[in-house]
1. Filter the range 177-186 down to the residues that are part of a loop (DSSP other than H, G, I, E, B) and either β-branched (Val, Ile, Thr) or closer than 15 Å to ILE139 by Cα (or both) and list them by number.
2. Report whether or not TYR136 is within 27 Å of MET55 (Cα to Cα), among the aromatic types (Phe, Trp, Tyr), touching a residue at least 12 places away in the same chain (Cβ under 8 Å) and out of contact with any Cys (no Cβ under 7 Å at 6 or more places or on another chain).
3. For the range 77-93, state whether one or more residues are basic (Lys, Arg) and either at pLDDT 90 or above or surrounded by 11 or more Cβ atoms within 10 Å (Cβ to Cβ) (or both).
4. In the range 187-223, what residues are under 28 Å from GLY164 (Cβ atoms), of a type in the set (S, T, N, Q) and either part of a loop (DSSP other than H, G, I, E, B) or in contact with a strand residue (DSSP E or B) (Cβ under 6 Å, 6 or more places away or on another chain) (or both)?
5. Could you check, for the range 194-201, whether at least one of its residues is closer than 20 Å to ALA99 by Cα and touching a Ser or Thr at 6+ places or on another chain (Cβ under 9 Å)?
6. If PRO230 meets every condition in (1) assigned to a strand (DSSP E or B); (2) closer than 20 Å to ARG28 by Cβ apart from one, which number is that one?
7. Given the criteria surrounded by fewer than 17 Cβ atoms within 10 Å (Cβ to Cβ), at pLDDT below 85 and farther than 29 Å from ALA102 by Cα, does ARG53 qualify?
8. How many residues does the range 98-156 contain that are closer than 16 Å to PHE219 by Cα, of a type in the set (S, T, N, Q) and at pLDDT 95 or above?
Amino acid sequence: MSTTPAYAHEDAGSPPSFFPDYRSTVIRSPRLPLVRVPQTLTETTGPTGAWDRLMGPAAVDLTIQHAAPPLGQRIVVSGRVLDEQGRPVPNTVVEIWQANAAGRYIHSKDNWDAPLDPNFTGAGRVITDAEGRYRYVTIRPGAYPWGNHKNAWRPAHIHLSLLGPAFATRLVTQLYFPDDPLIEIDPIANAVPMPYRNRLVCRFDIATTVPNWALGYLFDIVLKGRDQTPFEDAHDH
């Protein structure tokens, strides 16, 4: 039986469960010391290598899911999933979800004054190849207000959820875009201390850019170790 705790371990590069500037953590963070619950065999083993049969075919292009292309700047995001030694991690599900170009999600609780796009759902899924690589096509999401404090706006971002060998081996994180001024004043981003916060920012890549079609960005995800990608509180949209 594994002795790995069933909750996310907080270290120097991870956001704390209690971060008062991010107001939701005040009521969501634990009040009592955490109890280590050993994971069972069924939690740490599972359908690795069979994700495509369980979840259906990959949805790697979010711009062709409907009758017409969505509005917004088309982008390509690609990268690798790596372990602490820099080795590729194959057969890993990388799910994404995001707001549309106007900064609005399709779910019923998002009702701020921005248009929905009938041609954009904002959800996709890829599986890393033998070299740990993933790639998807989408549109650059817009910023949106979120009510945490006066005039609070979330930077443009894309959420990522990674599933390893089992459903319990999950990393939830998000990526931001370079040169976004909202990152510096966003409580969720700033819950991750520097320099670790920089690991959440993708970088523009001209080699990934498709001529006359889409801008390209790179975002590698390191699962653990000193270069690991910080996780996020999954309570954000």
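The values are calculated or read from the model by the stated rules, or taken from the named source; none is laboratory data. Bear in mind that the values here come from a model prediction, so they are computed numbers and not experimental data. Positions of Cβ are generated from backbone atoms using ideal geometry, with glycine treated the same way; all protein chains shown enter the neighbour counts.
1. The answer is PHE177, and nothing else.
2. yes
3. Yes: the range 77-93 contains one or more residues that are basic (Lys, Arg) and either at pLDDT 90 or above or surrounded by 11 or more Cβ atoms within 10 Å (Cβ to Cβ) (or both).
4. Across the range 187-223, the qualifying residue is only THR208.
5. The answer is yes, given that some residue of the range 194-201 is closer than 20 Å to ALA99 by Cα and touching a Ser or Thr at 6+ places or on another chain (Cβ under 9 Å).
6. That leaves (1) as the condition not met.
7. Yes: the conditions hold for ARG53.
8. Qualifying residue count for the region: 2.
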